[in-house]
Amino acid sequence: MFRFWRRDNDALAALARLLSGDDASLVDEIALAIERPRDYVDRFAEALKRRGITRRNFEPRELPWIALVDGLIARKRLQEIDWRAHGDELADALGVIAHDQDWRWVAADEWRDKTAGDRLAEVEKRLTPNGLALVSVDIGGDCYPLMALPAGQADEAAALARRAGYGRIIPARDA
């Protein structure tokens with residue numbers, strides 16, 4: 001059975017503004033991905049290449065969500081972590097998205113045998129007292145696209161993502 005998804009581009013634009021700190025250029029990039037996907041793929045070919053996306057194989061329906069994620073990465077608002085990431089890699093990424101804390105503990109020997117998911121649950125516990133939530137901007141892959149958001153914005157972002165219909169924003173511990 002086919003399932004048709006309703007897309008709300010205004011909700012996606014609102015989500016982009018919320019997550020980017022009201023960066024209008026990200027909204028413009030997403031609009032390009034929606035309105036002229038081939039032009040978007042040409043303009044961002046280098047970034048898309050690492051995802052295996054080219055002018056020959058891109059999926060226009062998925063491109064706006066990828067534009068959101070890649071745009072947030074380019075603006076250092078989001079870091080994408082492989083599920084097999086070592087502690088040092090996770091610590092470096094957390095230093096970018098929540099730079100006011102010391103994240104070296106995630107690379108300590110006691111965490112060496114823990115999965116990224118185990119570490120993310122502990123990271124979230126340490127962010128919560130500071131009024132932050134750790135979320136994943138889910139792209140359906142084997143990675144964790146992570147952001148630290150003010151706790152009040154996390155629910156709003158998740159609701160906008162649902163309304164937009166392109167992807168999900170979920171607590172990182174559930175990713």
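Taking the listed residues 96, 27, the one that is among the β-branched types (Val, Ile, Thr), surrounded by 14 or more Cβ atoms within 10 Å (Cβ to Cβ), within 19 Å of residue 147 (Cα to Cα) and modelled with pLDDT under 95 is 96, with no other qualifying. Among the residues examined, residue 84 does not qualify as closer than 23 Å to residue 15 by Cα, loosely packed, with under 15 Cβ neighbours inside 10 Å and of a type outside the set (Val, Ile, Thr).
For segment 56-66, a tally of residues being touching a helix residue (DSSP H, G or I) at 6+ places or on another chain (Cβ under 6 Å) and touching a residue at least 40 places away in the same chain (Cβ under 8 Å) returns 1. Mind checking whether some residue in segment 12-22 is of a type in the set (S, T, N, Q), more than 14 Å from residue 166 (Cβ to Cβ) and without any contact (Cβ under 8 Å) to a residue 24 or more places away in the chain? No, because not a single residue in segment 12-22 is of a type in the set (S, T, N, Q), more than 14 Å from residue 166 (Cβ to Cβ) and without any contact (Cβ under 8 Å) to a residue 24 or more places away in the chain. Here are some residues: 77, 84, 56, 50. Which one is within 28 Å of residue 22 (Cα to Cα), among the basic types (Lys, Arg) and at pLDDT below 95? The unique qualifying residue is 50.
Look at (1) farther than 22 Å from residue 91 by Cβ; (2) buried (at least 23 other Cβ atoms within 10 Å of the Cβ) and you find that residue 159 fails only one, number (2). If you take the residues of segment 68-80 that are aliphatic (A, V, I, L, M) and within 10 Å of the chain's Cα centre (by Cα), which of them is surrounded by the most Cβ atoms within 10 Å (Cβ to Cβ)? My answer is 68.
The values are calculated or read from the model by the stated rules, or taken from the named source; none is laboratory data. If you're wondering where the values come from, they're calculated on a predicted model, not measured in any experiment. Cβ atoms come from the backbone with ideal geometry, glycine included; neighbour counts cover every protein chain shown.
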